[in-house]
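Here's the structure we're looking at; comments come further down.
The values are calculated or read from the model by the stated rules, or taken from the named source; none is laboratory data. From a predicted model like this one, the values you see are computed outputs, not experimental measurements. Quick reminder, even Gly has a Cβ in these numbers, built from the backbone with ideal geometry, and neighbours come from all protein chains shown.
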Amino acid sequence: MRLLKNGEFFEDTWLTLDNEEAVPQGADILVSAERLQAEFGTLMLHNGRLGVVVANDRAVDDIADYLEVIDTVVLEFPSFTDGRAYSQARKLRGSLKFRGGLRATGNVLPDQLAFMRQCGFDTFEVNGRFGLDVWQRAVTAMTLTYQGGYVPDRGFAPADVWSARAGNADDTLRSDFEEIWTA
Amino acid sequence: MYRYDEFDHRFVRERVGQFRDQVERRLGGELSEAEFKPLRLMNGVYLQLHAYMLRVAIPYGTLSSAQMRRLAEIADTYDKGYAHFTTRQNVQYNWPKLKDMPDLLDDLADVEMHAIQTSGNCIRNVTTDQWAGVAADEVADPRPVCELLRQWSSLHPEFSFLPRKFKIAVTGAPRDRAAVAVHDIGLRMHVNADGARGWEVLAGGGQGRTPMIAITVREFLPEAELLGYLEAVMRVYNLHGRRDNKYKARIKILVHELGADAFRAQVEAEYAKLGSPTVDVEQRELERISAYFAPPVYDELDETCVPFELAKNENREFAWWVKSNVSAHKVSGYAIVNISLKPTGGIPGDATSQQMFVVADLAEQYSHAEIRVTHRQNLVLPDVRLSDLYTLWIELNSAELATANVGLIGDIVACPGLDYCALATARSIPIAQDVSERFEDLKRQHDIGSLTINISGCINACGHHHVGHIGILGLDKKGEEFYQITLGGSSDENASIGTILGPGFAGDQVADAIETIVETYLGLRADDEPFIETYRRVGAKPFKEALYETA
């Protein structure tokens, strides 16, 4: 699997550890929410980056206390029709004010990319089936939204169509998106 | 009514472009049917028994004459010269080809229409009172909020992959003509002691296999908090609604399994965490939208119109039509005209392109160029002068659109059933036609009075049989169609789910059974007591006895 972020593909250098696996020195690691809770004392001292995978039937509030030292949260789409992780993302970016990396994994398809970004995802675990052009087209097909959306480092901006109508055209999240993806 | 600005236009055009690309990828084999399915459904394209079907959204059931004309042209260009109006105030075409869909959608976009989210596990077309803005009993016109909800729910990033479809209905009047208590979310407008407007928020109503009446989640929500609060309700549902079983995935099951108090507590807890940083933007948008729904300029007219009264006295058929199809308007000297799409022996909700052109012209001539579609599959001309009623009636009559049966036994709601639908277990249309022919005599219909019959061709209940005063459900027993009858359903402010009377009937026995029920009612009713009140007074017993004694 590779990662898609800011309009480019990257190799995934993170290691996903199961609950029993020893923590390798210096690596960037992903652990389950259960392990994070159970071993937080030692995990927080780990000398690589720390990320957590939250299953989509689990409340993201469970990891609220750890978010300050978490670099990345991974949310799962077991099938593309299972939309629970959109709400999990929205809560993480909204009331929990998480500003780190937010990765979508599972059945991630180009036709959902715009929704995911709007809810706050910034990294996408994808297979090699679609070229970069397909992903970019998926993001730029619709240039307007009627809902608020997440702007990196800033939190949620109001609906861009409504903002534009109210005269705040610069406030639109889509212009930020396009800048990032076409840079 | 609402008009698109440059943003709305761009949004819909881009969506058509996106779908055009998806259709090309499908036709070229790049997308499998499994992958294409959710994409086409989000654009209203179903694959039915014989062909693709397109469901076009008519937001909150309001249409202009220009839009109705375009719908008629589409029926001629892409279909077989007719269209079907649905119980969700939408319109369906049964025969367009997949390769033509993008062009069809572009034709719709020309007149500010689309098919976005008329299917799929997302927020569907928001419905409301077909008399919104003109009803005599209205607190406020609910359509500005409906339009706000249309925009807010269009391609909602968080709520496009819900456990199941999601339907919202809104009423601005105490008499509920929008069936809010049998929707996933129902909104009812109230005015509090300080004169402020607010919403009663209901949730967890629904029909289908497990019919339920909604609970009230909030008695009185300040108007400006609506979108934030809906977001909280939707989020609780999206996170916790069941996804293990399609038939238990609607919000009603979540509400039922959690219990009303626990569900309310979860919503309130979610809402408390939200904060509402965008309320100002939403309020400004609502104000902008509201300006489009400012009432038209009405003439100052007397409450009574002498030529109209004379015409009623002289023409019995016209008088019947006025009695059943004309309703009170909030402005003196005006009336609401309900056009029946239920001619004797016809297919409920079907209209030919010719009839659609006629309705468009008549609306332009007599009703500020505005038309409504009702959830009982009829049409409405909302703003007609009393003095124009007779001429209008004659013109409607010559287009076979003046059947005087709105709200009566002939005004049958039916789903497409096994004649079209891939899910159906039995036919609905022939049953509707049979019953309609049995009660062809208008004098008899008027004597029977207010009575709704709803027919569904399977337990998914698209014909809303649970809330028909008489409900008919078509089932399959070892390859034979048979029909279960329920009594006592209602979708108004005293909503109730009908009770099954007993064993079902073969298709050719249904009209007899209905006749027995009606005759039993006529024998029991006190004065002008409507069917539903008699039923509520006497219960199912006398009907059961009459039905199964003779069966």
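Mind listing whichever residues of region B:296-314 are in contact (Cβ under 8 Å) with a residue 40 or more places away in the chain, part of a loop (DSSP other than H, G, I, E, B) and not β-branched (Val, Ile, Thr)? Write out each step before concluding.
Taking region B:296-314 first, the residues in contact (Cβ under 8 Å) with a residue 40 or more places away in the chain are B:296, B:298-299, B:301, B:304-305, B:307-308, B:311.
So of that shortlist, the ones also part of a loop (DSSP other than H, G, I, E, B) come out as B:296, B:298-299, B:301, B:304-305.
If the condition is that a residue be in contact (Cβ under 8 Å) with a residue 40 or more places away in the chain, part of a loop (DSSP other than H, G, I, E, B) and not β-branched (Val, Ile, Thr), then B:296, B:298, B:299, B:301, B:305 are the ones that fit.
Where helices (runs of 4 or more DSSP H) fall wholly inside region B:193-295, the ranges with 2 or more residues that are among the acidic types (Asp, Glu) are B:260-274, B:279-292. Residue A:75 satisfies every condition listed in (1) crowded, with 23+ Cβ neighbours inside 10 Å; (2) touching a residue at least 40 places away in the same chain (Cβ under 8 Å); (3) in a helix (DSSP H, G or I); (4) touching a helix residue (DSSP H, G or I) at 6+ places or on another chain (Cβ under 7 Å) except (3). Please work out if residue B:138 is surrounded by fewer than 22 Cβ atoms within 10 Å (Cβ to Cβ), of a type in the set (D, E, K, R) and touching a Gly at 6+ places or on another chain (Cβ under 9 Å). In short, yes.
Annotation: residue B:163 fulfils all but one of (1) under 21 Å from residue B:37 (Cβ atoms); (2) crowded, with 24+ Cβ neighbours inside 10 Å; (3) under 19 Å from the mean Cα position of the chain (by Cα); the unmet one is (3).
Between B:546, B:540, B:506, B:461, the distinction of being crowded, with 20+ Cβ neighbours inside 10 Å, over 29 Å from residue B:317 (Cβ atoms) and assigned by TED's automatic domain parsing to the domain that holds residue B:429 belongs to B:461 only. Looking at this structure, is residue B:223 of a type in the set (Asp, Glu), at pLDDT below 95 and within 24 Å of residue B:190 (Cβ to Cβ)? Judged against the criteria, residue B:223 is a match.
Given the structure, is residue B:474 in contact with an Asp or Glu (Cβ under 7 Å, 6 or more places away or on another chain), farther than 15 Å from residue B:451 by Cα and free of Cβ contacts under 8 Å to residues at least 60 places away in the same chain?
Values: in contact with an Asp or Glu (Cβ under 7 Å, 6 or more places away or on another chain): yes; farther than 15 Å from residue B:451 by Cα: yes; free of Cβ contacts under 8 Å to residues at least 60 places away in the same chain: yes.
Criteria met by residue B:474.
Taken over region B:444-470, the criterion of being in contact with a Leu (Cβ under 9 Å, 6 or more places away or on another chain) and either closer than 16 Å to residue B:509 by Cβ or among the acidic types (Asp, Glu) (or both) is satisfied by B:447, B:455, B:470. Residues that are buried (at least 18 other Cβ atoms within 10 Å of the Cβ) and under 12 Å from the mean Cα position of the chain (by Cα) do not occur anywhere in region A:16-38.
Restricting region B:123-138 to residues that are in contact with a helix residue (DSSP H, G or I) (Cβ under 8 Å, 6 or more places away or on another chain) and in a loop (DSSP other than H, G, I, E, B), which is modelled with the lowest pLDDT? Before the answer, list the steps.
Looking only at region B:123-138, we keep the residues that are in contact with a helix residue (DSSP H, G or I) (Cβ under 8 Å, 6 or more places away or on another chain), and these are B:123, B:125-128, B:130, B:132-133.
Retained after the next criterion (residues that are in a loop (DSSP other than H, G, I, E, B)): B:125-126, B:130, B:132-133.
Details: B:125: 92, B:126: 96, B:130: 97, B:132: 97, B:133: 97.
Looking at residues that are in contact with a helix residue (DSSP H, G or I) (Cβ under 8 Å, 6 or more places away or on another chain) and in a loop (DSSP other than H, G, I, E, B), I get B:125.
Of all residues in region B:334-350, those that are within 15 Å of residue B:320 (Cβ to Cβ) and in contact (Cβ under 8 Å) with a residue 12 or more places away in the chain have Cβ atoms under 7 Å from Cβ atoms of residues that are among the charged types (D, E, K, R) and assigned to a loop (DSSP other than H, G, I, E, B), 6 or more apart or on another chain, in B:340/B:411; B:342/B:411; B:343/B:400; B:344/B:440.
Screening residue B:174 on (1) touching a residue at least 60 places away in the same chain (Cβ under 8 Å); (2) closer than 22 Å to residue B:284 by Cβ; (3) in a loop (DSSP other than H, G, I, E, B) shows it passes everything except condition (2). Return the residue satisfying two criteria in turn: it lies in region B:319-331 and is in a helix (DSSP H, G or I) and touching a Leu at 6+ places or on another chain (Cβ under 8 Å), and of such residues it is farthest from the other protein chains (Cβ to nearest Cβ). In this case the residue turns out to be B:320.
Residues in region B:17-27 that are more than 10 Å from every other protein chain (Cβ to nearest Cβ) and without any contact (Cβ under 8 Å) to a residue 12 or more places away in the chain: 1 in all.
Looking across B:41, B:31, one residue alone is within 10 Å of chain A (Cβ to nearest Cβ) and among the aliphatic types (A, V, I, L, M). It is B:31.
The set of residues from region B:1-16 being within 9 Å of another protein chain (Cβ to nearest Cβ), free of Cβ contacts under 8 Å to residues at least 40 places away in the same chain and not in a loop (DSSP other than H, G, I, E, B) comprises B:7, B:10, B:14. Of the listed requirements (1) under 14 Å from the mean Cα position of the chain (by Cα); (2) more than 10 Å from chain B (Cβ to nearest Cβ), residue A:133 misses just one: (1).
When B:115, B:109 are checked against the criterion of being more than 12 Å from chain A (Cβ to nearest Cβ), out of contact with any Ser or Thr (no Cβ under 9 Å at 6 or more places or on another chain), in a helix (DSSP H, G or I) and not acidic (Asp, Glu), B:109 stands alone in meeting it. In a residue-by-residue description of region A:94-102, the property of being in contact with a strand residue (DSSP E or B) (Cβ under 7 Å, 6 or more places away or on another chain), at pLDDT below 95 and either outside any loop (DSSP other than H, G, I, E, B) or of a type in the set (Gly, Ala, Ser) (or both) applies to at least one position.
Tell me, yes or no, whether region B:230-237 has at least one residue that is away from every other protein chain (no Cβ under 14 Å) and acidic (Asp, Glu). No, there is no match, as no residue in region B:230-237 is away from every other protein chain (no Cβ under 14 Å) and acidic (Asp, Glu).
The condition of being touching a helix residue (DSSP H, G or I) at 6+ places or on another chain (Cβ under 8 Å), within 14 Å of chain A (Cβ to nearest Cβ) and touching a residue at least 40 places away in the same chain (Cβ under 8 Å) holds for only one of B:227, B:187, that being B:227.
Please indicate, with yes or no, whether at least one residue in region B:149-158 is without any contact (Cβ under 8 Å) to a residue 12 or more places away in the chain and either assigned to a loop (DSSP other than H, G, I, E, B) or under 22 Å from residue B:67 (Cβ atoms) (or both). Looking through region B:149-158, at least one residue is without any contact (Cβ under 8 Å) to a residue 12 or more places away in the chain and either assigned to a loop (DSSP other than H, G, I, E, B) or under 22 Å from residue B:67 (Cβ atoms) (or both).
Mind listing whichever residues of region B:27-58 are of a type in the set (S, T, N, Q) and more than 28 Å from the chain's Cα centre (by Cα)? Passing the criteria: only B:32. Considering only residues in region A:78-105 that are within 12 Å of chain B (Cβ to nearest Cβ) and small (Gly, Ala, Ser), the one that is surrounded by the fewest Cβ atoms within 10 Å (Cβ to Cβ) turns out to be A:79.
Only residues that are of a type in the set (S, T, N, Q) and on the phi > 0 side of the Ramachandran plot were counted in region A:109-153, giving 0.
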